[in-house]
Amino acid sequence: MGRRRHPRAPELIGRRALLLGAGAGLGLLGLGCGKRRSLHIYNWGDYLAPELIERFTSAHARVRVGQDFYLSEAEMAAKLRAGAPYDLAVPIDYLLSALQRDGVLRELDPLPKGVEHLDPRVDVWRARASRGGGAYAVPYLWGTTGIGYDSDKIEAPTSWDALFDPRWSGRISVIDSKGDVMDQALLASGLGINSTDKAKIRAEVWPRLRAQKQLLRAYDSNPAAALIRGDTWIAQIDSGDLFRAQAKRPSLRYVIPDEGAALWVDYLVIPAAAGQPELARAFIEFMLEPEHAATNANVLRFATPNRSALERGLIADADHAQLYPPDEVRERLFTSENWDGGTKQLVDELWLDLRAN
């Protein structure tokens with residue numbers, strides 16, 4: 001299969017977006033010829049600073065690094081469960097427990113060098129005690145999912161209700177993901193993102209979602225691009241994607257609404273099917289070095305879990321209150337539990353119905 005290239009730095013506009021030149025599948029598996037070793041990474045599109053690949057390969061003779069990109073968490077999880085031979089993957093927090101339970105992840109034993117640099121609030125992920133309690137994932141980047149808007153077009157929103165406002169009909173987008181769509185509707189309805197109240201979800205959230213669909217320009221996997229073009233004026237978006245988009249459209253702004261927002265952490269994991277687990281471990285340790293963590297955070301404009309990088313003044317956005325929210329804002333940030341409590345089936349049903357009609 002053909003070799004893939006990493007998207008060029010100027011095209012960095014979306015954690016979730018698969019941009020020109022990315023593609024899916026195992027396009028890099030033909031690189032490991034001769035005595036060369038290849039590190040195969042399964043990642044979101046545009047979610048690793050290109051210069052770090054160059055630094056890593058310069059420090060490791062006869063090593064190549066290649067990436068395949070995915071568009072959704074479900075796609076990534078399915079590939080890993082099917083035994084796709086990636087050496088390193090980047091899953092979101094709520095998937096880790098199920099992936100570890102299903103034997104998809106390698107335990108990180110001993111812990112990689114450099115974990116001492118991590119903020120204890122965003123630490124190594126460990127399995128529950130009943131499953132052995134071992135470490136399986138190292139935090140990579142974190143952020144929030146809030147509202148991005150064009151300040152030249154609309155006033156600053158304070159509530160998720162803004163994404164349901166008929167005044168912006170045809171200029172609204174929400175992320176093309178059932179979890180994100182449900183999150184914003186739950187919060188706008190006064191419920192938490194982990195609500196298990198199925199009666200209220202049917203009676204209150206579902207009608208709002210149907211009404212919102214008539215107002216949307218799109219369910220969008222790349223909301224930053226549409227905001228930059230001016231196709232949308234207000235959108236649900238990941239924090240770093242909006243901040244990077246500001247370089248191309250300075251009137252764009254980001255807000256965490258009064259009801260709060262989702263806080264997510266993406267992790268580095270070594271899949272059970274990895275062909276180069278030691279090389280993957282070396283890359284994790286490389287990314288834990290404060291200078292490298294800082295480069296990644298400064299390029300991608302997401303928050304780093306690397307406390308040492310912050311304490312050493314290496315992070316350009318360290319004082320950015322929306323990228324590194326203060327404690328009073330963090331109290332309004334919620335981590336998805338993937339609708340535990342029996343609502344996952346309901347959410348799946350509503351999502352299919354919403355997209356079909």
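Laboratory data are not the source of any read-out in this text; all were calculated from the coordinates shown. Everything quoted here is computed from the prediction, not taken from an experiment.
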Note to self: How large is log10 of I(q)/I(0) for the stretch 215-263 at q = 0.14, 0.16, 0.23, 0.26 Å⁻¹ when the intensity is taken from the Debye formula with one equal scatterer per alpha-carbon?
What the structure shows: -0.33, -0.43, -0.86, -1.05
Check: Per the Kirkwood definition applied to all pairs of different Cα atoms, how many angstroms is the hydrodynamic radius of the stretch 125-268?
Finding: 16.1 Å
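Å³ per residue of the Cα convex hull, for the stretch 34-114?
Looking at the stretch 34-114, the number lands at 131 Å³ per residue.
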Check: In the structure displayed, which of K153/K213; K178/K200; K178/K198; K79/K200; K153/K200 lie more than 26 Å apart, Cα to Cα?
Finding: K79/K200; K153/K200
Check: To the nearest µm²/s, what D does Stokes-Einstein give for the stretch 167-226 at 10 °C and 1.306 mPa s, using the Kirkwood radius over alpha carbon pairs as Rh?
Finding: 132 µm²/s
Check: Working out 0.36 nm times the residue gap between S58 and D258, then minus their Cα-Cα distance, what length gain in nm do you get to one decimal?
Finding: 67.4 nm
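Grab the Cα-Cα distance for A82 and V329, subtract it from 0.36 nm times how many residues apart they are, and report the gain in nm with one decimal.
Value of the extension gain: 85.0 nm.
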Next item on the list: Using only C-alpha positions, report the orientation-averaged shadow area of the convex hull of the stretch 255-307, nm², one decimal.
Entry: 5.4 nm²
Margin query: I need the Kirkwood Rh of the stretch 198-357: take the reciprocal of the average 1/r across all distinct C-alpha pairs and report it in angstrom.
Written below: 18.9 Å
Margin query: For the chain, give me the percentage of DSSP beta bridges that are antiparallel, rounded to the nearest 5 percent.
Written below: 55 percent
Check: If one computes P(r) from the Cα atoms of the stretch 45-203, what percent of pairs lie at distances over 23 Å?
Finding: 58 percent
Next item on the list: May I ask you to compute the full-extension gain from T158 to L346, defined as 0.36 nm times their residue separation minus their alpha-carbon distance, rounded to one decimal in nm?
Entry: 64.8 nm
Notebook entry, point to check: Regarding the chain, what is the average projected area of its C-alpha convex hull, in nm²?
Noted result: 17.6 nm²
